[in-house]
1. Within segment A:170-259, how many Lys pairs sit with Cα atoms under 17 Å apart, leaving out pairs fewer than 8 places apart on the same chain?
2. Could you run the numbers on buried accessible area between A and B, total for both chains, 1.4 angstrom probe, in Å² to the nearest 100?
3. What per residue convex hull volume, in Å³, comes out for chain B when only alpha-carbon positions are used?
4. Find out how many positive minus negative residues lie around A:E253, taking Lys and Arg as positive, Asp and Glu as negative, among other residues whose Cβ is under 13 Å from that of A:E253.
5. Kindly give Rg over Rh for segment B:26-163, based on alpha-carbon atoms, with the Kirkwood expression for the hydrodynamic radius.
6. What part of the accessible area of the protein assembly as shown, given as a whole %, is carbon or sulfur when the probe is 1.4 angstrom?
7. How charged is the neighbourhood of A:A206? Take every other residue with its Cβ under 13 Å from the Cβ of A:A206, and add Lys/Arg as +1 and Asp/Glu as -1.
8. I'd like the mean, over residues of B:272-283, of how many other protein chain beta carbons sit within 10 Å of each residue's own Cβ.
Amino acid sequence: MEKLKYALFTGCTAKQSTPEQMKSTMAVADKLGIELVELTEASCCGASHLQDYDDFLSLVLNARNIAYAEKHGLTMVTICNTCQLNTAMTKHRLDNNEKLKAQVNEKLAEVGLEYKGTSEVTHFLYAIIDDFGLDKIKEMVKTPLRDFNIAPFYGCHNIRPSELQNETHKSAESAYRPTSLDDLIIACGGNNVDYAEKTKCCGFHAELQAPKTAATLTGNAIAGAMDNDSDWMVTPCPLCHLKLDTQTHHASEAIGREVALPVLHMQQMLGLALGCTPDELGLNHHLTKVDFV
Amino acid sequence: MSTDGITTQKVNFKVFRFNANDDYLPYYENYEMDVTSEEVVLDILNRIKWDHDGSFSYRRSCRHGICGACAIKVNGRSTLACKESMTTMIELFGNELTIEPLSIKRSVKDMIIDKGDFWQKHDAIHPFLISDVDENPEHEHIVTQDEAEALLDADICIQCGACHYACPVIEVNDNFMGPAAFAKAYRFEADVRDQAHKERLSELHSEKQGVWDCVKCYECAEVCPKEVNPIDKITKLHQMLFKEGVATSNVATRHAVGFKHSIAKNGVLDEGGLVLYSEGPAIVKHVPVALKMFKKGKIVPPWAITKSQNLDEIKKLVKSSSTVKF
Ligand code: SF4
Ligand code: SF4
Ligand code: FES
């Protein structure tokens, strides 16, 4: 197989409050022989909040990020569900609206850039599944995670709106019965846990303005995983990780029950199976201790 | 098995049953049925009533996906029974299907729910055109094509409640107006003939309505059988609040605006700075968790943030492309 190469859009969180996500992404890419060219020029995607304030500015900034991937002639991979949604949504809107694209390009021209629409935008999870292939992952697993019941937590912005997701990913998945993360768990040798909350919202985006709502949703998600005998949770979204890993106190208070489970990034889970060390995967950065390694 | 391309398969239905007059607790009844590929979910509801139990209750009226009466949940997914094909349901969920009302806690009799909260919220946003209309107009009020398109299909909502009872915030926050009410509010906010534009917006912005409490989960966009896309309308309302100068400074508005400031400064976000900007002095409540995160190497101090390369480009674009002041 030809060496896979992508333009990596890290988003802000992997560089700040989830450094272990950056670390484990690089470690996993290294093991799989995937080359990641970091888009160091990229800005924040606006995280679905900037667009509430200034939609056009959000489009211009996201188009600029994609334009840099295009300069490299590479598919952009994201490692955050919300970055994925904002970038894919921008791409969809510009590719389907010549007038809007021209308006955005008028701005980008001021800094010598152009959005052409030539680069695809996909999440690292789907790059692994669609391009690398789960069968190959299975062959490469060194430490099967067979002792663990692992609860997949998909995160909203990778599965909804499904129309956009289906247009973006080759392995289109259902918003109601997504399979990517379950399949990855199985490929790593783990037992995938089925539970109702796996496709629900963690509440992250309303944490500041509606803390009680957000904490209740976080609590329900962890409780759902715990009630189905999970040893830990795994998510492709650093924002879900932050909510599920660092907000257990508020979550427990909101739902009137002590809840906590280790929450691994999907790269950390894959890394463990591929034989990376806990240190290489940054497992020491979690607030809810990862105590099984 | 198959005649004229129609296929049949066995499906086990687990059906929610509850009669508020007689039952203390709800229960589930199992019905095994042969389902044909051309049936819709409503056909199954009919057959349960006609062939199995005449007391089984549900709402339906038009059978054309237009009255909104027949919305229920299949395997937890809000669905318009008369529009949803059984083939799709089986493809999606397999041969074990659970049929439930849109909201279990609001069930009155089987699938029939008390939609009172939905209608109350619908009414609260003044779901009508507010305009001084001349009683004897000399000509019609012409709305241009572009002006009509600005409604973005918000006017085709059939009030089925599928989105409302799929919304996780509705489940946990009684004050939240919900996706359908917000979509309806947008429908009139975007109407050029409406004269209560700012008044309605101010009401929506008031704290208890929760226009800012949406968790952006896209459940409403996913379930809507008419593709109204309520979250898109909520976003539009947010934008209108800023554009019209109705937005006041609160944690939610500062959170949205804070992104612009942070991007203009670093390209990337200063996550800690954003929380400080949004919360103001109330940031103290985040200190215990922040300290724990700091100890685990999960917080980068503002001076150690890796700024975007070519930051001057970003600064220039933020300046030239900003369309809103706040
Ligand atoms: S996107 Fe917002 S309004 Fe829509 S279902 Fe989710 S929380 Fe409710
Ligand atoms: S927006 Fe869609 S799902 Fe919600 S009430 Fe209207 S038609 Fe039903
Ligand atoms: S019966 Fe009218 S919408 Fe289904």
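1. Lysine pairs meeting the criterion: 4.
2. On the way: alone 12740 and 18890 Å², together 25870 Å².
Buried: approximately 5800 Å² between B and A.
3. Working: hull volume 78.1 nm³, N = 326.
It comes to 240 Å³ per residue, whole-number rounded.
4. Summing Lys and Arg as +1 and Asp and Glu as -1 gives +2.
5. 1.10
6. 50 percent
7. Working: positive: A:K212, A:K243, B:K216; negative: A:D52, A:E207, B:D213.
Within the 13 Å Cβ shell, the charges total 0.
8. 1
The values are calculated or read from the model by the stated rules, or taken from the named source; none is laboratory data. Predicted, not measured: the structure shown is a model, and the values here were computed from it. Backbone-built Cβ (ideal geometry, glycine too); neighbour counts: all protein chains shown. With ligands, DNA and RNA removed, areas are computed over all heavy atoms of the protein, side chains included. Shrake-Rupley method; radii C 1.70, N 1.55, O 1.52, S 1.80 Å.
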